[in-house]
Structures are given as C-alpha cells and as structure tokens.
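A short worksheet on the structure shown next.
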Amino acid sequence: MIKTKISLLATASLLLVACASNQTAQQAAPATPVAPVVATSPAPGMQAPESASGFTDKPGWAAKKFMVAAANPLATEAGYRVLRVGGSAVDAAIAVQMVLGLVEPQSSGIAGGAFMMHFDGNTVKAFDGRETAPAAATERLFQTAEGKAMSFHEGVVGGRSVGAPGVLRMLELAHKQYGRLPWASLFAPAISLAERGFAVSPRLNAMLKTEQFLRKDPVAAAYFYDKDGNPWPVGHVLKNPELAQVLRDIAKGGADAFYTGQIARDIETKVKSHPTNPGLLTAADIAGYQAKVREPVCTDYKTWTVCGMPPPSSGGIAIAQMLGMLETKNMRALTPVNGALNADAIHLFSEAGRLAYADRGRYVADTDFVPLPGNSPKALVDKRYLAERAALITDKSMGVAKFGVPPATTLALGIDNSPELPSTSHISIVDAKGNAISMTTTIEDAFGSRQMVRGFLLNNQLTDFSFDPVDANGPVANRVQSGKRPRSSMAPTFVFERGTKKLVLSTGSPGGSAIINYVGKVLVGTLDWGLNVQQAISLPNFGSRNGPTELEQGRVSDALVEQLKAKGHNVRVMEQTSGLQGIMRMNIHGEEMWFGGADPRREGIVKGD
C-alpha cells in the first residue's frame, strides 16, 4: 500500500463520515450537466429477469479531474468523497461497493463476487473475485433424485446455491497494490449509513413488491418488511446495525475478519440449516477462497483496443467476437437517425450475437478446470476465424446459430444450460492520477439465495453453473465441479486508443446473460456511431442471445419490428433493464474532459470534479 501523510488520512476520515451521513446525496446534482437525450418511457408488460423501475432521462455529466459512476446516488457520493481527498480508483471502488451492498442489497454485497478491470496508466489487470463451489459439490448438485435438472428457483432459494464469496478478497488484493488511503477509512460511509439509516429507494421498494421468496427467511422478512408483511415504503429510513458491526470488524481486521472467523461460521450455519434446501458451503471453503489476477482479453477494433474480462467470465471473449465480426461490416453507415435505430444495424448486431453466444455456450468456463481451444482466448478471437463466422451472416436471420470450430479445438463438449439471471451492479471510476477501474459486482439473482446473515444477503452464484453436467455431445464445460468458479457474462470493459494506451472509455452493466449485448451496444454506439456515452447508454436495448431477437419494450416502433420480421427474425419485445454506467474521454468546448453516463432505467448518477 502507498504510504499517505497523517494529515491527509485524518481529513479523509472526516470527509468520509460526513459523506455517509449526507442523505441529500440522493438528490445530488453532480458535475456539469449536458443536454439530455430524448427517449420514451417503456410500456408495461412482459417482465425482464430483473424488474424494471421506470425510465428517467439523464443528461450525462462532465468533469476535468476525476469521476465516479455508480448505480445509487449514495454510493456515487461515497466514491466521489474518496476521490476528492486523494483516494485512488480502487479506494473509491471499495467505498462504493460497501454502500451499494447496503442501499442496493438486491444486486450486490459482501457475500457476493465481482470482476474488476484496473488500469494504472500503463498496464491493464483483470481481478477475479468470482465465487467458488464448495469442496463437497459434485456435477449433480442441481439434479433431482431422478437425474433431471431442477427448476431454477428449486436450485436458487436456500443454501444449495451459495458459493464462497469473493468480492472482499478481490478488493483487498487490489487495495494492497493500488490503494492510497487506509483500508479502514473506506468503510466509514457505509458504516455511518447503516447506523443512521438510509431512505428506501423507489427501485428497492419496487423489487420488494414483486419478490416472492424473501419473506420465507425470517431474518430477511424482519428487515425488509413491516409487521404486516408489506415492503417498507419509499423514503422509509432503514437501519442495519448488524451490518454496521460486520463492516466495522472488516475495516479493523481486513478481509480475514469475514473469511476466517465467526462471520464465516455463521454463513455455514445458515447454509446448512435451511429447512428444505440446505447447502454444502463450509467455513473452511470460505477461509480457503483466493482472489486471482488474470490476463485481460484485449483485441483491436478499428482504431481502438478493447480490453475485457477473461474466463471464468464469458463477457470479454463474446464482446471481442462480436466486434471482430462487425468489423467486417459497415456499421458506421447504419448510425441511428434522431435516436431511431436502423433495422439493418439490429440485424447485423443480433446475428453477430447469435454466433458469439453459440461459441460461449460450447467453450467458455473456468479455465482452471476446462481449457479453451488452444488453451487461451486467442483461438476464439482470431481475426481469420471471426471473418469466417461473419461470412455466415446474410440478409436473413439464421435464427439459432451453430457453434464454430476455432483453431486448435480438441475437446468434444456439451452445450451449457445455466439460467444466469441477474442481480448485479456496475461501477466505473477514474481518479486524478489517471488510474481507472471498471467493476461489475453481483449476488446473481435478485436478493440472491434469499438467505440473510448478520445484515447481508447470501449469493446464489452456483446457479450460474449448468444444471445438466453432460449432453449427447459430451461433458458441459460449465458443469459444477469442486472449487470451480461458475461462468459469468459480466463484462467490465476498457477502450483505449490503439498504440497510445490512452484510455477512451470505461463501461459495463448488470443484466445476466444480456450483459454482453448491453455493453456491445454502448461500444458500437460510441465507437461506430459517434455518440457520447450517455446517448449510447440511453439507446433502446437490442440483440440476440442465440434465440429470439430481443427489443426493448416501449422503445421501438411497430415498423421496426416488421422490418426485422421481414428479415426472418423471431422478435421478442420485452423489458430490458440494463444498468449501464460509463465514463469516456471527450473534447468539450475545446477542452479534454471526462464525460459520464448512467442508465436511465435505474437510479444511478455520475459525479466528479
């Protein structure tokens, strides 16, 4: 850790505590607003995997020195205060994550996992804080006694789905390398908010209203609902003294306080004592967890270099594949006009997505257990291979694409059937010294396993494994194995100028397996269509996960749907609740600045100086 002067540390602590008690952060007006992007609100209808909570136009924000984008104003404010007193991007990410786990508990928390891309001005590192399967887990974990795959919620709710958490170990590892402020000071905002209380947000209230399983856990029911079983209303001040004490222990004792003591034993007790669906996770599994630093997946796209997360995430490879295929097409000629999407653009993007998702389902898993073709991502992102795949795209939709055979493929593998539903959050940060992070953090499904321990929810990350371990083609790469990390679609992403290593964009999103399409849309929007990051985020969501072509409900015209149907697309119009955040380098009025965007479908904001 970098040593810091005593006077700076004292100032930091005071400012962080002040930040935490500042409830007006919910209405903060950060940085410099820029003209808003016009967009319509989504119509009610088909539910997305994670509930929608409205669409509110956002302007985008500009700043000169540093910037933080997060999914809740209180979390953004915590990160901003850290940056303002000289903290690093990693320092700010820790403060943001701790507050998100409190105020947005449906999406992430200290019993979850995360992937983080870090740029120190010269080098990109990929930090892997993905959860791991218990030592006792077998590939039949999500099979019934008859050998059939369980239904999703049969697997999720209870202890069976809980993996060894990774986010705290990952953040501690990154802080040891890149932290500038003391570890303990970074927990002050969340501790203060947990003790004094925070206002229940519209999104948390809306998700509690539609949640079906959380009330079955007595601890969670007592925290999230009143004595009549109704979710706390918007604005209700919710306090969490148990979590405050846990965070205080971690602030003092480091991640070991979570991984090697009573907290870990309490998690094991909760997991194993579920009355109908007990799990296998032990305190020893938690104590043995290790975060890892991996090589990012970096590929060139036109005049840029795009870097994403390697396995066990599929996000970096799939996005690199989509861009590699789209590079052979003239996407720039298909720029939206007055915000209206072009049917040919959606067609090309969706077909590239089908091909990438087909390879994802066949080949990508935790490479510590199952090698990729050629033992690295290079075969799957090889330019010649992607040109061959792109040549399969015609003027008619292929419907369902077949996986390809990249160079050096030797294993016969089955097709994954993991449900991978979302409850996730994304953070993008740049600090005053030019360091940046792009971090996607999750507990998997909304409210995770619906099991609460000492003020925090347990993940259900193991349901990101394939429920079937084998099919007629062979063993599934993403099957359950002892100690293995489930495959993810999380896609924290950096874009650089080719050759100069100058950071252009940090972005990412929640959204389960749709994350790949959400982030891909922003990359095409900014790099091909010349939009700023807020405009690209605010575009209607679209794409295919190698099934129907999915369009965002209430955001597209009937004429566009008919044009796609004429090209052979099976169109599904649905809610698509992305949670994109992004920060890009822009020239504004002749001056180079940071410009941030937050998803209008959620509550996030951007703030900087």
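Quick rundown of the values:
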read-out: Shape category assigned to region 490-568 from the gyration tensor of Cα positions, a/c cut at 1.5; value: prolate
read-out: Largest to smallest principal axis extent of the C-alpha atoms in region 447-500, angstrom; value: 46, 44, 18
read-out: Amide proton proximity set for LEU551, modelled H, under 5 Å, gap of 5+; value: ARG572, VAL573, MET574
read-out: Extension gain, LYS64 back to ASP471 (0.36 nm per residue minus Cα-Cα distance, nm); value: 141.1 nm
read-out: Which of LYS227, LYS521 has the fewest Cβ neighbours within 10 Å, and the rest in rising order; value: LYS227, LYS521
read-out: Entries of LYS227/LYS270; LYS396/LYS501; LYS378/LYS501; LYS383/LYS565 with Cα pairs more than 28 Å apart; value: LYS396/LYS501; LYS383/LYS565
read-out: By average C-beta atoms within 10 angstrom, highest first, the peptides 387-395, 203-211; value: 203-211, 387-395
read-out: DSSP beta bridge pairing in the chain, given as percent antiparallel to the nearest 5; value: 90 percent
read-out: Cα-based radius of gyration of region 435-548 once divided by 2.2 N^0.38 Å, which approximates compact folds; value: 1.32
read-out: Cross-link partners of LYS148 among lysines (Cα-Cα below 26 Å; sequence separation of 8 or more within a chain); value: LYS216, LYS272, LYS402, LYS484
read-out: Value of [θ]222 nm, deg cm²/dmol, for the chain, DSSP H segments ≥ 4, -39500 (n - 2.57) each, nearest 500; value: -9000 deg cm²/dmol
read-out: Peptides ranked, highest mean first, by Cβ atoms within 10 Å: ranges 87-94, 259-266, 284-291, 544-551; value: 87-94, 544-551, 284-291, 259-266
read-out: Kirkwood Rh, Cα atoms: Rg over Rh of region 158-227; value: 1.07
read-out: Alpha-carbon Debye profile of region 57-111, log10 I(q)/I(0) at 0.19, 0.26, 0.27 Å⁻¹; value: -0.64, -1.00, -1.05
read-out: Candidate aspartates and glutamates - alpha carbon under 13 Å from LYS502, same-chain residues fewer than 8 apart omitted; value: ASP120, GLU592
read-out: Listed residues ASN541, GLN553, PHE494: farthest to the positive end of the dipole of the chain (Cβ charges); value: PHE494
read-out: The chain, Rg to Rh (Cα coordinates; Rh as Kirkwood inverse mean 1/r); value: 0.94
read-out: Relative contact order (%) - the chain, alpha-carbon pairs under 8 angstrom, separation at least six; value: 25 percent
read-out: Reciprocal mean inverse distance between Cα atoms of region 478-609 - Kirkwood radius, Å; value: 16.4 Å
read-out: Inverse of mean 1/r across different Cα pairs in region 534-606, Kirkwood, Å; value: 14.2 Å
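Quick note: the coordinates plus some simple rules give every number you see, no bench work behind them. The model shown is predicted, which means the values in this text are computed figures rather than measured ones. Cβ atoms come from the backbone with ideal geometry, glycine included; neighbour counts cover every protein chain shown.
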